[in-house]
Amino acid sequence: MMKLHWSPRSPYVRKVTVCIHELGLLPKLELVRSVAAMLSPNERLMEDNPLSKIPTLKLDNGFVLFDSAVICEYLDDVAQGSLFPKTGSDRWQALRWQAFGDGLLDALILWRNEREREAPMQPLTSAFELKTRASLNQLDDEAQALIELPFSIGHITVGCALGYLDYRFGTLAWRKSAPRLAEWYTDLSKRPSFAATEPVDG
Ligand SMILES: N[C@@H](CCC(=O)N[C@@H](CS)C(=O)NCC(=O)O)C(=O)O
């Protein structure tokens, strides 16, 4: 049985668990609740991944895969899925959206870390906000393409980034500035894979 270091809060882990649901792989995985926090490296997790990050996937033969992009592509390959288009413009758009969603998440997580400090560095939080707003504008312009292209890791990653905005940045009210994206996201959230992986504290 493959072992996934997992948490119900992490948006990168959510990418992987959405793929697991989409690909019907749930019975093949053991989910291990692992706490990963930048300020307190987790020794048990580090035995599998010295970077102390989740998601981390340990295969039956002991081989360990990270990060989320690599794990998702591996699972799609194992299940012979179509979340990673093999060739052509669909492939590059899927990988681009994955990089876009991952990049937005990277900025949001650093922003949140800064925000929680006693004296947040204001120019830094402003820069994160600027990038987040610009990303939402850009994704809103791409909403029609998100609707039209075959469902892929790109859709999953952008969806997980938006889910994280709802979870940790509610006051940003992102739907106001990205109404077409919001409409697409409402439909995406109805997929059983998204409904089953809503972030929760605990
Ligand atoms: N690029 C990585 C990012 C993973 C990541 O940063 N995960 C966070 C949890 S949301 C983590 O493990 N943080 C712990 C740390 O940075 O020490 C991926 O896509 O898997």
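Output the residue which, of all residues in the stretch 91-105 that are open to solvent by less than 60 Å² (accessible area, probe 1.4 Å) and of a type in the set (D, E, K, R), is farthest from Gly24 (Cα to Cα).
First, the residues of the stretch 91-105 that are open to solvent by less than 60 Å² (accessible area, probe 1.4 Å): 91, 93-95, 97-98, 100-105.
Right, trim to of a type in the set (D, E, K, R) and you get 91, 102.
Details: Arg91: 22, Asp102: 24 Å.
Here the answer is Asp102.
Being open to solvent by less than 10 Å² (accessible area, probe 1.4 Å), over 29 Å from Glu142 (Cβ atoms) and in contact (Cβ under 8 Å) with a residue 24 or more places away in the chain holds for only one residue in Leu108, Leu4, and it is Leu4. Of all residues in the stretch 109-122, at least one satisfies being farther than 28 Å from Val35 by Cβ, more than 18 Å from the chain's Cα centre (by Cα) and outside the structural domain of Val18 (by TED's automatic domain parsing). Could you please give the count of residues in the stretch 43-81 that are free of Cβ contacts under 8 Å to residues at least 12 places away in the same chain and of a type in the set (Gly, Ala, Ser)? So the count comes out to 1. Here Thr125 clears all of (1) within 13 Å of the ligand (Cβ to nearest atom); (2) over 23 Å from Tyr185 (Cα atoms) except the condition numbered (1).
When restricted to residues that are open to solvent by 20 Å² or more (accessible area, probe 1.4 Å) and touching a residue at least 60 places away in the same chain (Cβ under 8 Å), the stretch 122-179 contains 4.
The values are calculated or read from the model by the stated rules, or taken from the named source; none is laboratory data. Given the structure is predicted, the values throughout are model-derived calculations rather than measurements. For neighbour counting, all protein chains shown are included, and Cβ atoms are generated from backbone atoms with ideal geometry for every residue, glycine included. All accessible areas refer to the heavy atoms of the entire protein, side chains included, with ligands and DNA or RNA removed. Shrake-Rupley method; radii C 1.70, N 1.55, O 1.52, S 1.80 Å.
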